[in-house]
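In what follows, a structure is listed as structure tokens, so that the remarks can point back to it.
The values are calculated or read from the model by the stated rules, or taken from the named source; none is laboratory data. Predicted model only: the values in this text are computed from it and were never measured. Quick reminder, even Gly has a Cβ in these numbers, built from the backbone with ideal geometry, and neighbours come from all protein chains shown.
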Amino acid sequence: MIKRVKDLVEREKACSWHDSYLRFLISELKQDLFQNVKKVIRDLDRSQIAILFNNSILGFPILKYYFTFDQEVKFEKIWSQDCKGFHPEAEDGISFSEDEKSFFQENVINDLKGKDKNYLRELVTLSFGVESPAIIKKSLAANIMCSSGGHFTFTYWDYWAKLPVYKKYPEDYPIKYFLIEKRFFSNRALILCTKGDFAIFIAFKRPLNRSQISITYKRLNRFFNRINWINDLIWLIREETFFFLEEYELHLEFTKYVKENVYPILQDYVYKKSKREEDILKIFEEFITKRLKERHDNKEKVINKKEEINTIAKIESPPLNDMKLHELFNNKPSYINRVYKLRKKWLDQRDNIWYLFNNIPEMALHNEIHSQNLEKLLTEFFLKKENLFILWAASWLHDVGLFEYAEKITQLIKTKKGDSFAEVRKLHGEISYKRIIDNGKRWGLLEEDIKAIATISKYHTSYSTDKLKDEISNLITFGKSEEIPLIFFILSLRVLDALDIQINRWQGSFEKIVNILNLSKKMRNKDSNFSEYLRLQMIHFIKHSAFISVRISQAGEVVYLPNFEMPLILVIFSLIKAQEDIKKELKVNNNVIRECNLGEEIKNEVKELIGYKEHKNGKIKIGGLTIDNNGQFQIRIRCFNPIKDDLRQMCKVSM
């Protein structure tokens, strides 16, 4: 994804680092469309492509422009030129009559000069205004969308500027806005395509011949068949565009701040020139707690005060696929029934098992939400064997040791007494072991399963690595006696744990980060290690807030779906941080395998106890995990690609 972003931002100038991830996807879609059509029409300009979406909840469509970064830049450039002198004939294919020139000079340019506005602001106001009708000759485009019935519709006109106004709306079509459209897009041939709630129009500087029209039709038909995902995001587009109108000044200020202050620092990290962590922390303290928070809060206000957009989509990680859970245990009713009974029991007892975890000031959620995330990831890895019940149970209970951790951290914050942070942090795996041993029966586990589940939980942290090495021979013996791949399960849980980077673990507010920073200052003299750790957790929270969900693709790649509202530079930064954290966990795992000569043991556990076969190249493929010739773990990580990945499998869009 980094290469895709770099190409669009720096080479193509099609989007900006301050753009939201949603805007990046639309810019990428537009660039793909441009490349498709340019193969047929060589003199096509990317800015002649406009994207529209249906803004109406019910009834007749109301189409709105979606302005991309490259259009913003061109609008600003043309506006600057026209303020010095209006000479539209200087551009090929854009011709204005003398009356139009006179009207444009006196009633558009001179009028806007005195209002601190420009062409973009005017079209934004018309396009996103609450009562404004569809553009492109009033509601002509909306009428075409309405009559298409959700099917692909392709229309072509030689001279779109001369098209009659559609009479759906009684008032006259505003000549001022039409002339701005004409100034920007050209006044010759037009192709308008729609499908579902999404539309594009492409303006050309000259009429097309029959061959060009025919080839373009075929290309656009194929193109629309690949972008069904955009219709699932109409509500999110609607929300973003209203905010763009209502908070235009904030948008410009935010853009300038990211360009001048954030990007210069983060680009060093993104391009691996250097890792100036202290500089990153300093800029984040200002950017996250003030600028990003200000934009977030203002967006909430805009949404709340607009009756027209108070019914918006909630985009979140999809629920557990029950079919996959059944497949996980080879559809064995005895195991599946146990799983559902235990899940219900644990969720009913969540206050006793996890309640205090939410009070840990510096942590993303480690409660039942984290456990359910790991459960979904486990089903995504396509492991299928009855004894996976042990790993499934450990994925739910591995962090119960944080119960005592939370108590000790609370004591450390309130008083000068108690263990140091470094000591407290190491304990939670061992405490998980003790709590599961002591409470396993009460929590519904069978006697014969308790020790194995507790043991996997004990060694799931990197802090326990040295003890894991010391106990490795005893653990191998214990695993064989229980006929479970214990070492493989311990190392697999570590990987699953590291992969759970999702927004539902972010505790939902910028105030959380502000509180972390304030607590860091308070703890500076009490426990400097804890103070610095708290400050670093600011990056940890941003990383979690950058991704909606994580899934395993059919090709066995770990795929992260970014938060559509997150600025692009933060998405890229968070993806790099996530990759680094996961690689770090893999490195620790693989060092254990190498130093303890566990390669053959791991492969034998997987082959004999789980039933996966070794490929001719000596590797074993388990869903998103590959075990190489030496028994070491390998994982491929990438970002969501709307062409390769099914958006509906990656997220749930609900009203």
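Brief remarks follow.
- Of all the numbered requirements in (1) loosely packed, with under 14 Cβ neighbours inside 10 Å; (2) basic (Lys, Arg); (3) over 27 Å from residue 189 (Cα atoms), residue 259 misses one, and that requirement is (1).
- Checking each residue in region 508-544 for being within 20 Å of residue 497 (Cα to Cα) and within 24 Å of the chain's Cα centre (by Cα) picks out 536, 537, 538, 539, 540, 541, 542, 543, 544.
- Residue 241 touching a Leu at 6+ places or on another chain (Cβ under 8 Å) and either polar (S, T, N, Q) or loosely packed, with under 15 Cβ neighbours inside 10 Å (or both): no
- Given (1) surrounded by 15 or more Cβ atoms within 10 Å (Cβ to Cβ); (2) free of Cβ contacts under 8 Å to residues at least 40 places away in the same chain; (3) outside any loop (DSSP other than H, G, I, E, B), index of the condition residue 86 fails: (3)
- Restricting 602, 576, 569 to residues that are in the same structural domain as residue 369 (by TED's automatic domain parsing), over 15 Å from the mean Cα position of the chain (by Cα) and part of a helix (DSSP H, G or I) narrows the list to 602.
- Selected residue [surrounded by fewer than 16 Cβ atoms within 10 Å (Cβ to Cβ) and either small (Gly, Ala, Ser) or without any contact (Cβ under 8 Å) to a residue 12 or more places away in the chain (or both)] from 652, 607, 613: 613
- The C-beta contact set for region 1-22 (first residue on the phi < 0 side of the Ramachandran plot, second residue among the small types (Gly, Ala, Ser) and at pLDDT 80 or above, distance under 8 angstrom, 6+ apart or interchain) comprises 8/14; 8/27; 9/16; 14/27; 15/27; 19/27.
- Residue check for residue 583: farther than 30 Å from residue 286 by Cα, surrounded by fewer than 19 Cβ atoms within 10 Å (Cβ to Cβ) and charged (D, E, K, R): no
- Yes/no for residue 394 being part of a helix (DSSP H, G or I), under 25 Å from residue 451 (Cα atoms) and modelled with pLDDT under 85: no
- Among the candidates 498, 555, residue that is within 22 Å of residue 388 (Cβ to Cβ) and not assigned by TED's automatic domain parsing to the domain that holds residue 295: 498
- Selection status of residue 116, at pLDDT 75 or above and in a helix (DSSP H, G or I): no
- Cross-chain or 6+ apart pairs with Cβ under 7 Å, region 403-418 first and under 22 Å from residue 430 (Cβ atoms), then modelled with pLDDT of 70 or more and of a type in the set (Asp, Glu): 412/527
- Near pairs, Cβ below 8 angstrom, 6+ apart or cross-chain, from region 456-468 (in contact (Cβ under 8 Å) with a residue 40 or more places away in the chain) to any residue that is surrounded by 17 or more Cβ atoms within 10 Å (Cβ to Cβ) and among the basic types (Lys, Arg): 460/494; 462/494
- Residue that is charged (D, E, K, R), at pLDDT 85 or above and over 26 Å from the mean Cα position of the chain (by Cα), where the choices are 206, 210, 226: 210
- Exactly one residue among 281, 245, 208 is in contact (Cβ under 8 Å) with a residue 12 or more places away in the chain and not in a helix (DSSP H, G or I), and that residue is 208.
- Checking residue 58 against (1) assigned to a helix (DSSP H, G or I); (2) surrounded by fewer than 20 Cβ atoms within 10 Å (Cβ to Cβ), the condition it does not meet: (1)
- Scanning region 451-471 for residues that are more than 10 Å from residue 429 (Cβ to Cβ) and surrounded by fewer than 19 Cβ atoms within 10 Å (Cβ to Cβ) turns up 451, 465, 466, 469, 470, 471.
- Residues satisfying the stated conditions in region 478-509, i.e. of a type in the set (S, T, N, Q) and under 18 Å from residue 450 (Cβ atoms): 481
- Residue 637 among the β-branched types (Val, Ile, Thr), within 23 Å of residue 541 (Cβ to Cβ), surrounded by fewer than 17 Cβ atoms within 10 Å (Cβ to Cβ) and touching a residue at least 24 places away in the same chain (Cβ under 8 Å): yes
- The single condition among (1) surrounded by fewer than 21 Cβ atoms within 10 Å (Cβ to Cβ); (2) at pLDDT 90 or above; (3) farther than 21 Å from residue 339 by Cβ that residue 423 does not satisfy is (2).
- One residue from 180, 215 being part of a helix (DSSP H, G or I), among the β-branched types (Val, Ile, Thr), touching a residue at least 40 places away in the same chain (Cβ under 8 Å) and under 30 Å from residue 87 (Cα atoms): 180
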